[in-house]
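The structure appears right after this line, and notes come after that.
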Amino acid sequence: MMSRSYTNLLDLASGNFPVMGPVRERKRLTRVMTVPGVVSELDDDQANSVNSDVHSSVNQDRIIIVANQLPVKAKRRPDNKGWSFNWDDYSLLLQLKDGLPEEMEVLYVGSLKIDVDINEQDEVSSVLLEKFKCVPAFLPPEIFNKFYHGFCKQHLWSLFHYMLPYSANHGGRFDRSLWEAYVAANKIYSQRVIEVINPEDDYIWIHDYHLMVLPTFLRRRFNRLRMGFFLHSPFPSSEIYRTSPVREEILKALLNSDLIGFHTFDYARHFLSCCSRMLGLEYQSKRGYIGLEYYGRTIGIKIMPVGVHMEQIESALRAADKESRIHEFKQKFHGKTVLLGVDDMDVFKGVNLKLLAMEQMLKQHPKWQGRAVLVQITNPARGRGKDLEDTQAEIQASCKRTNEMFGTPGYEPIVFIDRPISLTERVAYYTIAECVVVTAVRDGMNLTPYEYIACRQGVSESVSSSESNGPKKSMLVVSEFIGCSPSLSGAIRVNPWNFEATAEAMNEAISMADAEKQLRHEKHYRYVSSHDVAFWSHSFFQDMERTCKDHFRRRCWGIGLSFGFRVVALDPNFRKLSIDHIESVYVRSKNRAILLDYDGTVMPQTSHNKTPNAEVISIVNRLLGDTKNTVFVVSGRGKESLDKWFSPCKKLGIAAEHGYFMRWSSDDKWEVCGPNSEFGWKQIAEPVMRLYTEATDGSSIETKESALVWHHRDADPSFGSSQAKEMLDHLESVLANEPVTVKSGQFIIDVKPQGVSKGVVAEKVFTTMAESGKQADFVLCIGDDRSDEEMFEIISSAISSGILSSNTSVFACTVGQKPSKAKYYLDDPAEVINMLEALADASDPGSFTDTESDISL
């Protein structure tokens, strides 16, 4: 059943958005694309992707950076006729260019911070594209307010910072109209990207939570587009994220990116946990790189905290020195120990907790009364709401109370600066501060500590600082819940909610010996100076190149509706099995080997009744009725079940327990194909499995004659997977000297005798046929999981060894569109049955005997 979210979004994804005010049709930008078959107006009412085999005439790589806002500042001209623009030098989007290849062209797509009259939008677009290589996305006011102040700030920002709407007055309930505006806004951004993109040559780098569904809009158009996404906010734990009513839509949209970046491993781990619990995707780590396999595509996971722009900070230090701001502040706070806080006015920044800690420190350590000053700088609030108003009121009350309690003429323990300040003024405060305190309760990154460290290092030509040529020192008290905390090993980490412990940490920081402060500063500065913003962007772009290197080699096509859309990427030689083609080859062949897996191939995995129905039995018997056919069911199931289920099929060959037991027909006895029949190893393996079963709710042990299988499909996904990895190591250790193999599969750990596999069964069938003078000239081998890959793999070696002729028609077929050693695929067991029925209909009925009357199912 389709969720309400999906059904509502079928219209949204096709461009049929709810009316939110008049939207004027703007003049389109001149398209820079040279791919044949692309028209200037692309609507989302079709999911057909542009997949030209002809490359663009533009050979130079280009990157399009897409973010909520463009890195430009705008102001009205003095004559009130038009706008003037200049770069926003403090924008991260502009700074990251330093890490990209010098020859790479950079194009920006985003909105402006000002409202542009609808009649001026075409002119503004032309100016920005020509002079700044910027493409503005103009959002109608009705959409913008619901998109930014509504869904982004009220829903996503709160969710990602662990604030749930437990009541209507706390955070606000989920509002579907806000979600629709979010989707509408993302579609507008996508249209602006589509207008200027060269899909064969461009890279796309999308930034932050405002544009989390944009990858789907772009991927629907260009299947092979090289696209990365970086989240600058925290990603919450799966328990929090899964409370969102649009959790799957956002998650699946992000998975249409090729590379997804996070500041810390914690954020990435939470994202991967959501992928595991909600979509059943497990990540793999290879040579240091983390990847998610998703419909044949490997989506890279990048963990790299952003850095600061060192040159910009050094330039600001020189300006502050030239303007004597540092000297001014030193005089102002002469004889005082300055602690500094620089935060946005936000409910998550913990400013109120910091003020409580300062008050507590002055109470617990009276020696600092009259000596210690906390300078708290708060940038203007970007959000709004009752929670923010309450936080502001609490901050004002704390400042007033502390200053009244401990202040004296000429001394205020808390200096509260509630206004925008220039970078020059900020670095001057950094330079004089003995310690910076960050008590955010949740923050994506927070670059304040990095800026502080760089400022305390100073610049060599500074003349105003008496410490310019002496040892550098700095101290940090940082919340353990901010993104930069893991990289600052010399900082004193605190739980900001425990303001008493924070007070003790602040006292420890400003009381510490200078030699210790110097050592910590040197360690931090080495990291901050080497991991700057250029290092971050260079590293991300390198990984995006690596992740996308095979894009144009693989066959790709899109499937799914709305935000269930995804791209399937497969080897160019991998194609769907044509029933007409295999039937024509089947009719011309003389000796046929047909090997069928059971679960997931002939029988759907989701079926509770695993007994084959009358249709399956009839088809198998009709295939067996043709004397040219040798038919085997090759399964991991036990021989008793298979013998009972296929008892009407007298001539059917069965390989049970992955080939440990094998027989050619119901008249033959079961033969053991394993190298030995000693199972003493079970007495070692079973107690280990039992131990993990007792400790892992939802797990179970399946005991076979030749094997032991531990299942954890019904266990908690994360815990079950963790326990499976631990058990694998445990069993490999205790069974190291036993003649068995221990393998992990899909929600299983399998222990079985060495030399037993479906590949061995296939080889034995081919060999026996060849030795009897009936070398197979037609091979059909179908399966759906890892164990069946062994059958596919053995075919090529059988041809090279002469067991099969080089002229043998081979149809190795997997079930489902996924990476495989097979050359063909069918979508599901229903298609497998249809294909087998077509072969049965084409079989020679000469020696066929109808046994359907013997079937009692």
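The values are calculated or read from the model by the stated rules, or taken from the named source; none is laboratory data. The model shown is predicted, which means the values in this text are computed figures rather than measured ones. Positions of Cβ are generated from backbone atoms using ideal geometry, with glycine treated the same way; all protein chains shown enter the neighbour counts. Ligands, DNA and RNA are stripped out before the accessible areas are found, and what is left, the full protein with its side chains, is counted by its heavy atoms. Shrake-Rupley method; radii C 1.70, N 1.55, O 1.52, S 1.80 Å.
A few remarks follow.
- Odd one out for I617 among (1) farther than 30 Å from L251 by Cβ; (2) touching a helix residue (DSSP H, G or I) at 6+ places or on another chain (Cβ under 7 Å): (2)
- Highlighted here are the helices (runs of 4 or more DSSP H) found entirely within segment 575-671 that include at least 2 residues which are within 20 Å of T814 (Cα to Cα) and in the same structural domain as E831 (by the TED database): 579-588, 614-624.
- Enumeration of residues in segment 629-647 that are at pLDDT below 90 and surrounded by 24 or more Cβ atoms within 10 Å (Cβ to Cβ): G636
- For segment 728-740, the condition holds for no residue, the condition being that it is modelled with pLDDT under 90, buried (at least 17 other Cβ atoms within 10 Å of the Cβ) and assigned to a helix (DSSP H, G or I).
- Odd one out for K153, checked against (1) closer than 30 Å to Y241 by Cα; (2) exposed (fewer than 15 other Cβ atoms within 10 Å of the Cβ); (3) among the charged types (D, E, K, R): (2)
- Exclusive hit being touching a residue at least 12 places away in the same chain (Cβ under 8 Å) and either in the same structural domain as V213 (by the TED database) or within 30 Å of G783 (Cα to Cα) (or both), set V478, V567: V567
- Residues that are within 38 Å of the chain's Cα centre (by Cα) and open to solvent by 10 Å² or more (accessible area, probe 1.4 Å) within segment 589-628 comprise D599, V602, M603, P604, Q605, T606, S607, H608, N609, K610, listed in sequence order.
Per-residue answers, yes or no, for (1) over 30 Å from R384 (Cα atoms); (2) buried (at least 22 other Cβ atoms within 10 Å of the Cβ):
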| residue | (1), (2) |
| --- | --- |
| D266 | no, no |
| Y294 | yes, no |
| A316 | yes, yes |
| A319 | yes, no |
| K332 | yes, no |
| G341 | no, yes |
| M345 | no, no |
| F348 | no, yes |
| M358 | no, yes |
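- You will find that of E180, E130, the residue that is assigned to a helix (DSSP H, G or I), out of contact with any His (no Cβ under 9 Å at 6 or more places or on another chain), in contact (Cβ under 8 Å) with a residue 12 or more places away in the chain and open to solvent by 20 Å² or more (accessible area, probe 1.4 Å) is E180 and no other.
So that you can scan it fast, the table gives a plain yes or no per residue for (1) at pLDDT below 90; (2) within 30 Å of S167 (Cα to Cα):
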site	(1), (2)
L374	no, no
I377	no, no
G385	yes, yes
A393	no, yes
K400	no, no
T408	no, no
P420	yes, no
T424	no, no
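- Scanning segment 253-296 for residues that are part of a helix (DSSP H, G or I) and hydrophobic (A, V, I, L, M, F, W, C) turns up A253, L254, F265, A268, F271, L272, C274, C275, M278, L279.
- Flag for V688 being part of a helix (DSSP H, G or I) and assigned by the TED database to the domain that holds S641: no
- The numbered conditions (1) in the same structural domain as L70 (by the TED database); (2) of a type in the set (A, V, I, L, M); (3) surrounded by 22 or more Cβ atoms within 10 Å (Cβ to Cβ) are all true for A185 except (1).
- Checklist (1) at pLDDT 90 or above; (2) of a type outside the set (A, V, I, L, M, F, W, C); (3) under 41 Å from the mean Cα position of the chain (by Cα) applied to K650, failing item: (3)
- Test result for T424, on the phi < 0 side of the Ramachandran plot and out of contact with any Lys or Arg (no Cβ under 7 Å at 6 or more places or on another chain): no
- Complete set of residues in segment 84-100 that are in a loop (DSSP other than H, G, I, E, B), open to solvent by less than 50 Å² (accessible area, probe 1.4 Å) and touching a helix residue (DSSP H, G or I) at 6+ places or on another chain (Cβ under 8 Å): D88, L100
- The set of residues in segment 492-520 that are closer than 30 Å to D321 by Cβ and open to solvent by 10 Å² or more (accessible area, probe 1.4 Å) comprises I492, I510, S511, M512, A513, D514, A515, E516, Q518, L519, R520.
- Boolean, H538 is open to solvent by 50 Å² or more (accessible area, probe 1.4 Å) and either assigned to a helix (DSSP H, G or I) or over 19 Å from E434 (Cα atoms) (or both): yes
- Across segment 354-390, the number of residues qualifying as out of contact with any strand residue (DSSP E or B) (no Cβ under 9 Å at 6 or more places or on another chain) and more than 25 Å from E425 (Cβ to Cβ) comes to 9.
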